[in-house]
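Below is one structure, written out as structure tokens; the observations come after it.
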Amino acid sequence: MNQKIEITQYLANTLDPEVNGKTLKKYLTTWWYNTRLKEKGGLRLTTEGFEILTKAGFESHQVKFEQPIEYTNRLIIQLENFITCPWYVTPKCIYVFDDKMAVQLILFSGDLAKYGQVRANSIKNN
């Protein structure tokens with residue numbers, strides 16, 4: 001099963017034990033920016049989705065940006081493809097719900113553009 005559906009279904013069942021397909025579809029569209037179901041990635045959270053995961057007790061890690069970042073379509077697509085856990089981004093920081101991913105981003109000092117470029121190059125070279 002798709003990771004996004006698993007997370008959504010788990011949270012939906014926690015909030016509403018009588019969840020149905022219509023309700024699940026509503027949650028998918030309000031908790032996630034990208035509603036396409038991909039095998040990996042596509043786990044960027046909306047503000048509502050971030051609040052739901054936080055209230056449900058999922059631990060997030062905050063990685064602050066040393067410099068303001070410029071959001072481009074390319075950067076967002078790279079992050080969608082390379083961050084394999086739920087994540088939420090603000091102008092000053094990014095929150096990730098995975099220890100390993102947090103460490104990777106911290107090693108890049110929160111420079112998302114550099115992280116995306118290095119990941120893209122490593123895939124291209126393999």
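The table for this structure:
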item: Mean Cβ count within 10 Å, highest first, over the residues of peptides 93-102, 113-122; result: 93-102, 113-122
item: Under 5 Å, built H, 5+ apart or other chain: amide partners of T84; result: none
item: Cα-centre dipole for the range 3-125 with unit charges at Cβ (Lys and Arg positive, Asp and Glu negative), debye to 20; result: 440
item: Packing-based order for 49-61, 28-40, using average beta carbon neighbours within 10 Å, highest first; result: 49-61, 28-40
item: Cβ-defined net charge surrounding S109, 12 Å radius [Lys, Arg +1; Asp, Glu -1]; result: 0
item: Cβ-defined net charge surrounding H61, 9 Å radius [Lys, Arg +1; Asp, Glu -1]; result: -3
item: Hz values of 3J(HN,Hα) by residue in the range 109-124 - Karplus curve (6.51, -1.76, 1.60), Gly and Pro given as x; result: 6, x, 7, 5, 5, 5, 4, x, 5, 5, 4, 5, 5, 5, 6, 5
item: Interchain or long-range residues, amide H under 5 Å from C93's placed H; result: F65
item: Globularity index of the chain, i.e. its alpha-carbon radius of gyration over 2.2 N^0.38 Å; result: 1.08
item: Lysines with Cα under 29 Å of K55, excluding same-chain neighbours fewer than 8 positions away; result: K4, K22, K25, K26, K38, K40, K64, K92, K100
item: Residues of the range 35-49 with amide N under 17 Å of the 7 Å Cα→Cβ point at N20; result: none
item: In sequence order, calculated HN-Hα J values of the range 75-83 (Karplus, 6.51, -1.76, 1.60; Hz; x Gly/Pro); result: 4, 4, 5, 4, 5, 4, 7, 9, 8
item: 5 angstrom amide H check on W32, placed H, neighbours 5+ away; result: T46
item: Label-reachable residues, the range 102-122, where backbone N falls under 18 Å from a point 7 Å from E70's Cα toward its Cβ; result: 111-118
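Values quoted throughout were computed directly from the atomic coordinates according to the rules given, and no laboratory measurement underlies them. Worth saying up front: this structure is predicted, and the values here are computed from it rather than measured. When we count neighbours, we look across all protein chains shown, and the Cβ atoms used for this are built from the backbone with ideal geometry, even at glycine.
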